[in-house]
Each structure stands twice: as structure tokens, then as C-alpha cells.
Amino acid sequence: MCLLVIETDHLVRDNLTHHLRQRGFTVRAGQTRASVTRILEECAVDVALLGLEGVGREALEFLRIILATSPKTRVILMTPPDCLHYAIEGMKMGAFDDVPVPYDIDLLCAKIRRAASQRARRTKPP
């Protein structure tokens, strides 16, 4: 399973990436549109974690890019309390789920596995 972490705060991104790798996930990380687009083109991303903190509306542009470039990728929004309205808009746009920030790593991992499982079911031929 390939996991993409999109987070503009490098400390949060590096910490989350480290914890996810410890739990056995293959993780790629990006913070710019160019890096995210390149990652989506290089590998089949199963699940993307998209941080809303500090970027708000710009995160929704990342969501558009992911859905257009890799429509089978499931997107989980990492939502701080002050960005709930962006999470609602993101869910309407097609995000798979959201997780509140600060997040519980076990809950986040469970949501990642559920999202990847759904992606796998949607890609199997009928």
C-alpha cells in the first residue's frame, strides 16, 4: 500500500511519516502542488492524508488535483477544529473521510486501512 502525506508543516509531516512507517506503511510526503502531482504520477497512491491546518482553502485545491489525477485514491482529511467548514466542503467534493486533529494514531491507521480496502474493492474487475 502506498500512502501520501500532504502537510505544509514539515515537523508535523516528518513526525507523522515516521510514525506511519513504524506501523508498516510505505509513505511518500509532499507539500507543494508540483511534488504531489509528481508522486501521483510516479506511483499508484492508495490513500492520501491531506492536512487542512494552516492552508484551508488551498487544501481543497490539493483535493481537486488528487481526484483529477488519481481518481481511485482515497483522501482522508486531517481536520483541526477551526477548519471544520473546509472538511465539510472536502467531503462534498469526494474526500473519503476525515480525522480530527490532534489525531489518535491508532484511529488514523484504522481509517487508512479501511480506505485502502475500499480502494482495492473498487479496482477489482466485476
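Read-outs throughout are calculated quantities, based only on the coordinates presented, and are distinct from any laboratory measurement. This one's a predicted model, so the numbers in the text were calculated from it and none came from an experiment. So basically every Cβ, Gly included, is an ideal-geometry build from the backbone, and we count neighbours across all protein chains shown.
Condition (residue is under 13 Å from the mean Cα position of the chain (by Cα) and closer than 18 Å to THR17 by Cα) applied to the range 55-65: is it met by at least one residue? For the range 55-65, residues under 13 Å from the mean Cα position of the chain (by Cα) and closer than 18 Å to THR17 by Cα: absent.
Among the residues making up the range 74-112, those that are under 21 Å from GLY24 (Cα atoms), aliphatic (A, V, I, L, M) and surrounded by fewer than 17 Cβ atoms within 10 Å (Cβ to Cβ) are ILE105, LEU107, ALA110. Out of LEU20, LEU108, LEU16, LEU49, one residue alone is in contact with a strand residue (DSSP E or B) (Cβ under 6 Å, 6 or more places away or on another chain), outside any helix (DSSP H, G or I) and not small (Gly, Ala, Ser). It is LEU49.
Summed over the range 51-75, residues that are closer than 12 Å to GLY94 by Cβ and either free of Cβ contacts under 8 Å to residues at least 24 places away in the same chain or touching a Phe, Trp or Tyr at 6+ places or on another chain (Cβ under 6 Å) (or both) total 4.
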